[in-house]
1. How would the chain be classified by its alpha-carbon gyration tensor: rounded, prolate or oblate, with rounded meaning a/c under 1.5 and the a/b versus b/c comparison settling the rest?
2. Decide, for segment 222-293, between rounded, prolate and oblate: order the square roots of the alpha carbon gyration tensor eigenvalues as a ≥ b ≥ c, take rounded if a/c falls under 1.5, and otherwise choose prolate if a/b is larger than b/c, else oblate.
3. How about residue 265: which lysines have a C-alpha closer than 19 Å to its C-alpha, ignoring those fewer than 8 places off in the same chain?
4. What's the FRET efficiency of residue 164 with residue 301 using the Cβ-Cβ distance as r and R₀ = 41 Å, to the nearest 0.05?
5. As an exercise, use a Förster radius of 45 Å and the Cβ-Cβ distance of residue 223 and residue 426 to find the FRET efficiency, rounded to the nearest 0.05.
6. Output the pairs from 415/512; 361/460; 460/512 with a Cα-Cα distance over 20 Å in this structure; if there are none, say none.
7. Roughly what % antiparallel, to the nearest 5, for the DSSP beta bridges in segment 305-383?
8. About the Cα centre of the chain, how large is the charge dipole given +1 on each Lys and Arg Cβ and -1 on each Asp and Glu Cβ? Please answer in debye to the nearest 20.
Amino acid sequence: MLHCMCLRGPASAIVVFSSFVVALLTSAVAAPLRAQGDGSVRAAAASITADDIARRVAIIADDSMRGRATPSPELDKVATYIAGEFRRSGLKPLGDGGGFVQRYDIEQVRLDTARSGVVVSNGPTWRVGREAAVPFSRFLEGTGSGPAVLLSGSGDPATLAGRRLRGAVVLAVVPVTPNGGMTGWGSVLVTALARSGAAAVVAVAPVSDSVWASYRAVLNRTTLRPGWERPAGTPLVVVRDPTITPLLALHGVVLADARREAALKATDLPNLRLTVTVSQTASSRSTGPNVVGVLEGSDPVLRGEYLVYSAHMDHVGVASGGSCRAQGADSICNGADDDASGTIAVVEAAEAFAALRPAPKRSLIFLTVSGEERGLWGSEYFAMKPPVSIGQVVANLNVDMVGRNWRDTIVAIGKEHSDLGTTLARVNAAHPELGMTAIDDIWPEERFYFRSDHYNFARKGVPVLFFFNGVHADYHRPTDHPDKIDAEKESRIVKLLFFLGLDLANAAERPKWNPESYRQIVEQARQ
């Protein structure tokens, strides 16, 4: 629920104050409008229509696209369609070989159970497939060795930043869902442990025999990984309570007591040392597409700087035991909101900007990536091998799920990390005709800032904003159909994104990070 903070006092004073604020905000955005001419800006914004959005979402989220999995022939068809729309709008290609499509390698891999497991110094060896398992959703190759730290209880994982966990193998006593998976909090905890510098994580979970059998059943399943070399990650394995209870008892720990801890608690076990290995072997290779177009800026100096609009065009495909589950006879997860809505927002914005005369001062890159549902692959590759210097990218506006939920509100995640938040507030206030308010992140515990494509730009030092309407009952289900998209609402969001981008592209100075956010997000990512 949103609560109103209302000014109280004489009505005349409120009117005078409000008029002053509106005048101030209007004058602040007047310069960018005059650069193009009010008529050109109004016409460009008017080209963003609900009918266009509905039509385009219906094309790329149609059943014939079979859920746009990465990789798939249908995803390549969507990339071809978007490239055609960029070309029709007059963008210039920034992909491979003079085209709009940038491709990256994908490998098919299988877990190497013979080399994966936990070795206890002067103790037992727990092999994956016998005493240990690897959750497929957290399949990260690497080896970590170090003294053990037992982590029990629950609470804000951010408090782990001050713990001495770097180089330790963390035995994390985590709760599980009824079907045996880690709870949302458990998943967030594991991510926080990796960021804290833990050498490895052993999730200690009280799963049943039937759930454990299902864990083991997937060990020979193949999965996909990006085909470029990535730094070794923080390996994670799961062991059950009965496996580890005797070992902990030898070191003075009663697991049942640890499970009753309320607050997050770290206990050093200096005489216990473990080595955790998760290894995989590669077989076949394929590729995934990004689509990249640029509208060159009109200023002879600022055209060498770039504002990037991004969205992911992939989804989770068809029901096959993965994250897409059939509902009755419907087995296709269309992904209309996730993220055909964001993809088409980028296409609509590109079309609107291309109609401006003259073009904005800075150049604008319009990017639709794939592999987001696999682990932000396409944006990682783009940020790693951009067609322009990443240091010349002044900001990234990422759009992921903007076609559902509230009609008058959109969440802008990351407002607090740079002065992009101040700019957005000013632009938003200057356009009350849109009936759209950009609000702060209302789900900080979900850590959405780290879960979509903007994060790969942030890690490289680019200020970002992430526009997101939240999940809903149709998230990752076959019921995420095009006919459920509120295209009229989305058209107003895209217009807000257009006015925001116009302001940023014409501003005298590039956006600036808040120093503490830069330290926590950018500098830590480089360590």
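1. Judged from the Cα gyration tensor, the chain comes out prolate (a/c at least 1.5, a/b above b/c).
2. prolate
3. Those lysines meeting the cut-off do not exist here.
4. 0.25
5. Efficiency at R0 = 45 Å is approximately 0.50.
6. 361/460
7. Roughly 20 percent of the DSSP beta bridges within segment 305-383 come out antiparallel.
8. 1160 debye
A short reminder: the numbers here are calculations on the coordinates, not readings from a lab. Note that the structure is predicted; figures quoted are calculated from it, not measured. All Cβ positions, even for glycine, are placed from backbone atoms using ideal geometry, and neighbour counts span all protein chains on display.
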